[in-house]
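Accompanying notes for the structure given below.
The values are calculated or read from the model by the stated rules, or taken from the named source; none is laboratory data. Predicted, not measured: the structure shown is a model, and the values here were computed from it. Quick reminder, even Gly has a Cβ in these numbers, built from the backbone with ideal geometry, and neighbours come from all protein chains shown.
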Amino acid sequence: MTDTHDTPAFPHALSNDELQELDDLLDSLRARSEEIPQWEFCDGFLAALACMRRPVPVAEWLPMLLGDGLALEQAEGAPLPLLDAFETPVQQERFLALWARRWAEVERQLDADVKSLDEDEAYCPEAMDTRGAIASLPEDERAELDGQPIPSFGQIWALGFMFAVENWEDDWAAPRDKEAAQWIDDALSRIVALTEDDTGKPEVCMYAEDGPPSTSQARLNAYGEAVWAVYDLRQVWKSLGPRQEPIARSQAPGRNDPCSCGSGKKYKKCCGA
């Protein structure tokens with residue numbers, strides 16, 4: 001699926017080499033911590049952040065994705081502290097630079113007026129056909145993976161998206177507008193469907209045009225629905241605008257308390273009369 005990046009549709013979009021660099025960078029982090037996710041998971045996580053109605057600061061999302069979930073303490077104007085997952089500040093800065101470019105690309109794609117997901121400007125998740133890749137291996141290499149669970153096409157991406165939704169539950173809480181709430185619920189259900197295994201008959205290979213069948217047609221349909229769901233979520237949340245926090249009202253003084261206006265009288269004989 002990353003072949004679309006050979007000739008990026010947008011300026012400064014990540015090339016195949018840079019996507020491979022991201023993969024390699026995450027592999028190096030995984031040598032220090034087994035809980036570092038795959039790039040496909042990260043890309044789903046990024047898409048969810050791009051849909052949220054408030055911008056989540058790096059100090060908040062970075063440790064949620066690659067750390068212990070606790071926001072980094074960053075003083076105003078100070079550089080971002082080094083997350084434990086990274087070995088050096090240079091390594092962290094490079095990851096964030098590549099992430100920022102992918103983020104900008106995703107936002108441009110989601111805001112583009114497209115009619116079909118086949119258009120060059122359409123949003124294209126970094127969804128992997130792991131089953132197709134393994135099925136295309138030589139027989140002796142495939143045998144080494146027998147018995148291991150193999151994710152379905154797009155499954156890891158969808159899990160990354162829902163990981164962000166679940167960890168910012170308040171931000172994803174249904175709005176008061178019933179129609180908007182229904183749109184959000186329907187869209188999320190389409191993404192959740194992609195977190196499930198593909199149990200249909202393999203008919204196509206998304207890894208290679210001439211590869212052995214690894215993905216069902218039903219799965220491809222579900223994938224398309226999930227991609228359109230991301231468009232819907234971004235548009236709905238943007239139309240609603242920033243979340244309005246409830247106004248905290250100060251408690252009224254007791255009837256026999258001094259009136260807050262400063263008259264010196266009791267509240268019941270002054271403003272509370």
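Here is how the numbers come out for the structure above:
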quantity: Those residues of the stretch 203-220 which are buried (at least 20 other Cβ atoms within 10 Å of the Cβ) and among the polar types (S, T, N, Q), in sequence order; calculated: Ser214, Thr215
quantity: Identity of the residue in the stretch 125-150, crowded, with 20+ Cβ neighbours inside 10 Å and in contact with a helix residue (DSSP H, G or I) (Cβ under 7 Å, 6 or more places away or on another chain), that ends up farthest from Pro37 (Cα to Cα); calculated: Pro125
quantity: Hits in the stretch 74-94 - residues which are over 19 Å from Val56 (Cβ atoms) and among the small types (Gly, Ala, Ser); calculated: Gly77
quantity: Residue match in the stretch 107-124 (condition: over 23 Å from Val230 (Cβ atoms), part of a helix (DSSP H, G or I) and not hydrophobic (A, V, I, L, M, F, W, C)); calculated: no
quantity: Residue under evaluation Lys238, criteria (1) over 22 Å from Trp61 (Cα atoms); (2) assigned to a helix (DSSP H, G or I); (3) of a type outside the set (A, V, I, L, M); (4) out of contact with any Phe, Trp or Tyr (no Cβ under 9 Å at 6 or more places or on another chain), criterion not met; calculated: (1)
quantity: The lone exception for Glu139 - which of (1) closer than 24 Å to Arg53 by Cβ; (2) free of Cβ contacts under 8 Å to residues at least 24 places away in the same chain it fails; calculated: (1)
quantity: Exclusive hit being exposed (fewer than 13 other Cβ atoms within 10 Å of the Cβ), modelled with pLDDT under 95 and not acidic (Asp, Glu), set Lys265, Lys269; calculated: Lys269
quantity: Residue within the stretch 186-194 that is modelled with pLDDT of 95 or more, within 29 Å of Pro138 (Cα to Cα) and surrounded by 17 or more Cβ atoms within 10 Å (Cβ to Cβ) present; calculated: yes
quantity: Residue tally, condition within 27 Å of Tyr231 (Cα to Cα) and touching a residue at least 40 places away in the same chain (Cβ under 8 Å), over the stretch 22-60; calculated: 20
quantity: Within the stretch 80-99, tally of residues that are outside any helix (DSSP H, G or I), closer than 18 Å to Pro37 by Cβ and of a type in the set (A, V, I, L, M); calculated: 2
quantity: Pro149 under 22 Å from the mean Cα position of the chain (by Cα) and part of a loop (DSSP other than H, G, I, E, B); calculated: no
quantity: Filtered residue count, the stretch 99-124, keeping only those that are more than 21 Å from Leu194 (Cβ to Cβ), among the hydrophobic types (A, V, I, L, M, F, W, C) and surrounded by fewer than 15 Cβ atoms within 10 Å (Cβ to Cβ); calculated: 1
quantity: Matching residues in the stretch 73-97 - criterion: being under 19 Å from the mean Cα position of the chain (by Cα) and surrounded by fewer than 17 Cβ atoms within 10 Å (Cβ to Cβ); calculated: Leu96, Ala97
quantity: Looking only at the stretch 1-38, and only at residues there that are in a loop (DSSP other than H, G, I, E, B) and under 16 Å from Leu62 (Cα atoms), the one that is modelled with the lowest pLDDT; calculated: Ser33
quantity: Test: residue in the stretch 220-229 that is polar (S, T, N, Q) and over 16 Å from the mean Cα position of the chain (by Cα); calculated: yes
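Let's see how each residue does on (1) more than 30 Å from Ala133 (Cβ to Cβ); (2) in contact (Cβ under 8 Å) with a residue 24 or more places away in the chain:
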{"site": "Val165", "(1), (2)": "no, yes"}
{"site": "Ala173", "(1), (2)": "yes, no"}
{"site": "Ala187", "(1), (2)": "no, yes"}
{"site": "Thr199", "(1), (2)": "no, no"}
{"site": "Thr215", "(1), (2)": "no, yes"}
{"site": "Gly224", "(1), (2)": "no, yes"}
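Here is a yes/no grid of residues against (1) of a type outside the set (S, T, N, Q); (2) in contact with a helix residue (DSSP H, G or I) (Cβ under 7 Å, 6 or more places away or on another chain):
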{"site": "Ser28", "(1), (2)": "no, no"}
{"site": "Arg32", "(1), (2)": "yes, no"}
{"site": "Phe41", "(1), (2)": "yes, yes"}
{"site": "Phe45", "(1), (2)": "yes, yes"}
{"site": "Ala48", "(1), (2)": "yes, yes"}
{"site": "Met52", "(1), (2)": "yes, yes"}
{"site": "Pro57", "(1), (2)": "yes, no"}
{"site": "Trp61", "(1), (2)": "yes, yes"}
